[in-house]
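Below: the structure, in structure tokens.
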Number of protein chains: 2
Amino acid sequence: MSSTRRKPESPERRDVPTVVVNRLSLYLRELQHLVREGRATISSSQLGKLLGFTDAQVRKDLAYFGHFGQPGIGYRCSELIDEIRSILGTDRQWTVTLVGVGNLGRALLRYRGFTSQGFRIVASFDVDARIIGSSIEGIPVYSLARLAEIVRQQRIQIALITVPADEAQQVADQLVIAGISGIVNFAPVTLSLPTEVSLVGVDLTTELEQIAFSVANRIATR
Amino acid sequence: MSSTRRKPESPERRDVPTVVVNRLSLYLRELQHLVREGRATISSSQLGKLLGFTDAQVRKDLAYFGHFGQPGIGYRCSELIDEIRSILGTDRQWTVTLVGVGNLGRALLRYRGFTSQGFRIVASFDVDARIIGSSIEGIPVYSLARLAEIVRQQRIQIALITVPADEAQQVADQLVIAGISGIVNFAPVTLSLPTEVSLVGVDLTTELEQIAFSVANRIATR
């Protein structure tokens, strides 16, 4: 790993906008793709161009976290991958659970992209007696009644909520009591959580509305 | 519908940041929830508080599109719903298709949230002969070979791509040739499209990385 990155003080990192963190994910995925294609280095303008951003945007985003790259060379792809994973905290393994093994839950349990990025789903929960005791992609489906027990036992840090909207808050409350650190909520409802638990809401209709807005207003969004 | 909204000139609307459009979706969903609970009016600070934003943020976001609300009353919920749907372009019906009837594709075909927000999935496509000719939630599964024909015939405007990463660009190219206006891409790959076609990429790992970043840095994201 490169040693050129200066660790910022924590007050700085608290000010990083969510959109910058989201773009780090995009940079990471593009760099991983480039490395698989055998690419060793890339400039900020080339990286930006691949993703539809300016070179200034790429440099500004990375500048939140230190100094990267070298004049005349650009970024070494594999080093920048390590740096971004370190920034995101995905240079370590995260243990994840999923609550609600319906259609979306099954799709996420079968999604292969999580593991390669450091997220390992180790348990899932449902209330349907027909599937409790089974496993999907090797991930056991437990009774929701065992949530707190298994979250503690397996030291699960992050939960994906894929239950119906009217059950999501109750599930979230149980996860908080069990000591979860972060929740990704796919249920179409706004959750209320203590501030020490991180929350990201995923609303699948939002992306469609964004497209509708841009088509209706004849704007190409990138 | 309220007549207090001033239609902005199109150059203004071109400058609306994506994050503002995303927040309009959040406001819309919260307002719809409030109306279902029988609420008639709400202030910007109350609406903001429910979603974790300041009242200034709510007012600034809406100010991109005109003047809403009245002093001492706030916003009339049902009027603001109509206004936001008009801004987003979801006051009309959009015809949608889905390409790739795997796990995620099935979950999206069965997702009930799209129709209520103005998006009607009318056709889906796959290459698997075992499911071509069947239907899921009343939505027919066609052979991918018939994509252009059916997109044109049914005047489909928006496509959801849920095929594997290495097939996504080819599917996108076919959709563009067929005359699609917008694409929501769930495949974990960056697509290259002509600028007149709107594109939103959905990367399910990004949300997990956002949570990891915030947990690793002990920041509560809201």
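Just round it to a whole percent: the fraction of Cα-Cα distances in the stretch B:136-222 exceeding 17 Å.
56 percent
Just tell me which aspartates and glutamates come within less than 16 Å, Cα to Cα, of B:K49; anything on the same chain fewer than 8 places away is out.
List returned: B:E30, B:D61.
Based on the mean of other Cβ atoms within 10 Å per residue, sort peptides A:66-73, B:93-100, A:165-172 so the most packed one is first.
Output ranking for A:66-73, B:93-100, A:165-172: B:93-100, A:165-172, A:66-73.
Hey, for B:Q170 with labels 7 Å out along Cα-Cβ, what do the inter-copy distances come to in nm, ordered shortest first?
4.7
Provide the percentage of antiparallel DSSP beta bridges, counting only those with both residues in the stretch B:51-189; round to the nearest 5.
15 percent
Please work out the Kirkwood hydrodynamic radius for the stretch A:29-176, using every pair of different C-alpha atoms, and report it in angstroms with one decimal place. It would help to have the intermediate numbers written out before the result.
Details: mean 1/r = 0.0563 Å⁻¹.
After inverting the pairwise mean of 1/r, the radius is 17.8 Å.
Between the label point of A:G38 and that of the same position in each other copy, find the distances and list them shortest first in nm, with every label point placed 7 Å from Cα along the Cα-to-C-beta direction.
Those label-point separations list as 7.0 nm.
If the chain between A:E196 and A:R110 were fully stretched, how many nm would it gain, using 0.36 nm times the residue separation less the Cα-Cα distance?
So the chain would gain 28.0 nm between A:E196 and A:R110.
Across peptide B:50-56, what mean number of C-beta atoms from other chains lies inside 10 Å of a residue's C-beta?
1
Which whole number gives the average, over all residues in A:17-25, of C-beta atoms from other chains lying within 10 Å of the residue C-beta?
Numbers: counts 1, 6, 4, 1, 10, 7, 1, 4, 8.
Mean shielding count: 5.
If I model a spin label as a point 7 Å beyond the Cα along the Cα-Cβ vector, how far apart are those points for A:A129 and B:E149 in nm?
Modelled inter-label distance: 4.9 nm.
Assuming a ≥ b ≥ c are the square roots of the Cα gyration tensor eigenvalues, decide whether the stretch A:96-167 counts as rounded (a/c under 1.5), prolate (otherwise, with a/b larger than b/c) or oblate. Don't jump to the answer; show the numbers that get you there.
Values: a/c = 1.44, a/b = 1.18, b/c = 1.23.
Here the stretch A:96-167 falls in the rounded category.
Which value, in square angstrom to the nearest 100, describes the accessible area buried between chains A and B on both sides, using a 1.4 angstrom probe?
By this definition, chains A and B bury close to 5900 Å².
Quantify how strongly other chains surround peptide A:194-204 by giving the mean number of their Cβ atoms within 10 Å of each of its Cβ atoms.
Whole-number average of other-chain Cβ neighbours for A:194-204 is 6.
Using a 7 Å offset from Cα along the direction of the beta-carbon, what are the separations from B:G113 to the same position in each other copy, nm, ascending?
Taking the point 7 Å beyond Cα along Cα→Cβ, the inter-copy spacings are 1.6 nm.
At 1.4 Å probe size, with the rest of the protein present, what percent of the exposed accessible area of the protein assembly as shown is carbon and sulfur atoms?
Within the protein assembly as shown, the accessible surface is 48 percent carbon and sulfur.
How many Å² of accessible area per residue for the stretch A:86-222, probe 1.4 Å?
Result: 41 Å² of accessible area for each residue.
Got a sec? Which residues of the stretch B:72-93 lose 30 Å² or more of accessible surface with every protein chain in place, vs. that chain alone, 1.4 Å probe?
At a threshold of 30 Å² (probe 1.4 Å), the residues of the stretch B:72-93 that become less exposed are B:L88.
B:S45 versus A:D173, label points 7 Å from Cα toward the beta carbon: distance in nm?
2.8 nm
Please find, among residues of chain B, the one with the beta carbon closest to the rotation axis relating it to chain A, distance in whole Å.
So the closest residue, with its distance, comes out as B:A107, 2.
Along the Cα→Cβ direction, 7 angstrom out, place labels at A:D91 and A:A165. What is the inter-label distance in nm?
Output for this residue pair reads 4.2 nm.
How big is Rg to Rh over the protein assembly as shown, alpha-carbon atoms, Rh as the Kirkwood inverse-mean-distance radius?
Dividing the radius of gyration by the Kirkwood radius yields 0.95.
So how far, in whole Å, is the C-alpha centre of the stretch A:64-86 from the one of the stretch A:137-174?
Each part reduced to its Cα centre gives a spacing of 37 Å.
The values are calculated or read from the model by the stated rules, or taken from the named source; none is laboratory data. This one's a predicted model, so the numbers in the text were calculated from it and none came from an experiment. With ideal geometry, Cβ positions are generated from the backbone for all residues, glycine too; neighbour counts draw on all protein chains shown. Accessible surface is based on the protein model in full, side chains and every heavy atom, while ligands, DNA and RNA are left aside. Shrake-Rupley method; radii C 1.70, N 1.55, O 1.52, S 1.80 Å.
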